[in-house]
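> Quick one: the structure is below, questions incoming.
The values are calculated or read from the model by the stated rules, or taken from the named source; none is laboratory data. What you see is a predicted model, and the numbers here were worked out from it, not measured in a lab. Quick reminder, even Gly has a Cβ in these numbers, built from the backbone with ideal geometry, and neighbours come from all protein chains shown.
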Ligand code: BG6
């Protein structure tokens, strides 16, 4: 990466930038969207960056009837057109093999074991296997149990076996616990990598660097100086081709216990004692456990749900949720959620965290806004514009990756007038734009056995335990007026009222 800023690496980070050790990556769900659009391009990017080991191979497993040539061809179609003849591309594609099989059939794992033994011989991969479960969630426990039964998950003779599990991890607290208990019957925790792709995003990882590598923010990062925190995760897309899944899940399950809770925990956690996986995850887990659980009365006031109707997104007319493929015509599934949460600890007592996430909103935009308190005296109360909101620190996660701080400044001229100005840093301007998918760092970390950016069992369960009471009440009290927001807007009016009754408003996103 070309950096215009001064960059330096601590010795241990330089170590971490070396190619991973020998291994085979096994992709279950190899013909699916995730493999094609994210995982294969990410592996290719790692190959280009020389972060894959020389002793490396990939095996795709799926129930689709595909020849090896067809599988390789499909993967190549998702690699950059201009690079398909490059050495890195050929090196990568030559290492790909394909196995057709049903995930519930023990024979699949026998054939796979034979294949892996051959690859170990051919590529000197040392018996180290990374199994990636890019499958439908109903197969997670099944595949892990089959890996156990076939002996493929046993770490013997100094080799390692790790399993990456995609989301959704369960559909509520009970099912997440049950899944954890099934997989922990086969694997030990340090073999399990529960992935949340938000942790692969540069700006999400940067929250920790920003907070803990800069001593200037820590003294003011608390209830004395912060009025409230907003987390907005807005998408312009609808449910696309995933109506069948989404209609049984809804936005609360799909986004909140995982992605939104990652953003919240990184923003609110205490400084870990080291950057070691468990030190970081202990702090994330602690803060998730401190999120106040809502009783049914609070819940009605603090949780807003919405479903999009038809509307206009970026000049294009789009249909309402209920007419999307795979969605029931009288669906009561929410496509938007806004919550007001409190964190019961010394740092955050009394500081509300307002969260909102939804589909078909006005703009694709994810950000965290830290709204600092007003100055204690209103010295400039009689000057024009003094009521503008200042002292907001905005961490933009996507699509623009940036951090900005706004504050009041004197507008030049003979009359004293105060305006709001921005001090901002944009990732792409400093460090150049990159073409990473976000999965590179996560796959590489699995290969080197670093679980810092993965969810531990207790974190997943803590996320669900925040959401569970809301699921229960919403189930008991179906929404009365769905759809309640037009596509292309910022969600139902109740989401604005959530802040207005506290004398606040969402930061305006332009
Ligand atoms: C997925 C959800 O986990 O995250 C999707 O299942 C959502 O519904 C997606 O669209 C959002 O990811 P990103 O990286 O586009 O913000």
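> Looking at (1) in contact with a helix residue (DSSP H, G or I) (Cβ under 9 Å, 6 or more places away or on another chain); (2) outside any strand (DSSP E or B); (3) under 26 Å from residue 364 (Cβ atoms), find the lone condition where residue 452 falls short.
The one condition residue 452 does not meet is (3).
> Would you mention how many residues in region 155-176 are more than 16 Å from the ligand (Cβ to nearest atom), assigned to a helix (DSSP H, G or I) and in contact with a helix residue (DSSP H, G or I) (Cβ under 6 Å, 6 or more places away or on another chain)?
1
> Go through region 357-374 and count every residue that is within 16 Å of the ligand (Cβ to nearest atom) and in a loop (DSSP other than H, G, I, E, B).
Final tally of qualifying residues: 5.
> I've got another one for you. Select the strands (runs of 3 or more DSSP E) contained entirely in region 221-340, then report the ones holding at least 1 residues which are closer than 18 Å to residue 477 by Cα, within 16 Å of the ligand (Cβ to nearest atom) and touching a helix residue (DSSP H, G or I) at 6+ places or on another chain (Cβ under 8 Å).
303-306
> Determine which single condition residue 480 fails, assuming it passes every other condition in (1) assigned to a helix (DSSP H, G or I); (2) without any contact (Cβ under 8 Å) to a residue 60 or more places away in the chain; (3) more than 30 Å from residue 205 (Cα to Cα).
The failed condition is (1).
> On the given criteria, is residue 383 within 16 Å of the ligand (Cβ to nearest atom) and part of a loop (DSSP other than H, G, I, E, B)?
So residue 383 does not fit the description; no.
> Could you list, in sequence order, all residues of region 190-201 that are modelled with pLDDT under 95 and more than 12 Å from the ligand (Cβ to nearest atom)?
190
> For residues that are over 19 Å from the mean Cα position of the chain (by Cα) and either part of a loop (DSSP other than H, G, I, E, B) or under 17 Å from residue 139 (Cα atoms) (or both), tally how many sit in region 177-203.
12
> Something else about it: Give the residue, chosen from 464, 506, 490, that is farther than 30 Å from residue 134 by Cα, in contact with a helix residue (DSSP H, G or I) (Cβ under 7 Å, 6 or more places away or on another chain) and in contact (Cβ under 8 Å) with a residue 24 or more places away in the chain.
506
> Restricting the first residue to region 419-439 and requiring it to be over 24 Å from residue 405 (Cα atoms), which pairs with a second residue that is modelled with pLDDT under 90 and in a loop (DSSP other than H, G, I, E, B) meet a Cβ separation below 8 Å and a spacing of at least six or different chains?
434/1
> Can I ask one more? For region 117-135, enumerate the residues that are under 13 Å from residue 96 (Cα atoms) and surrounded by 21 or more Cβ atoms within 10 Å (Cβ to Cβ).
The answer is 119, and nothing else.
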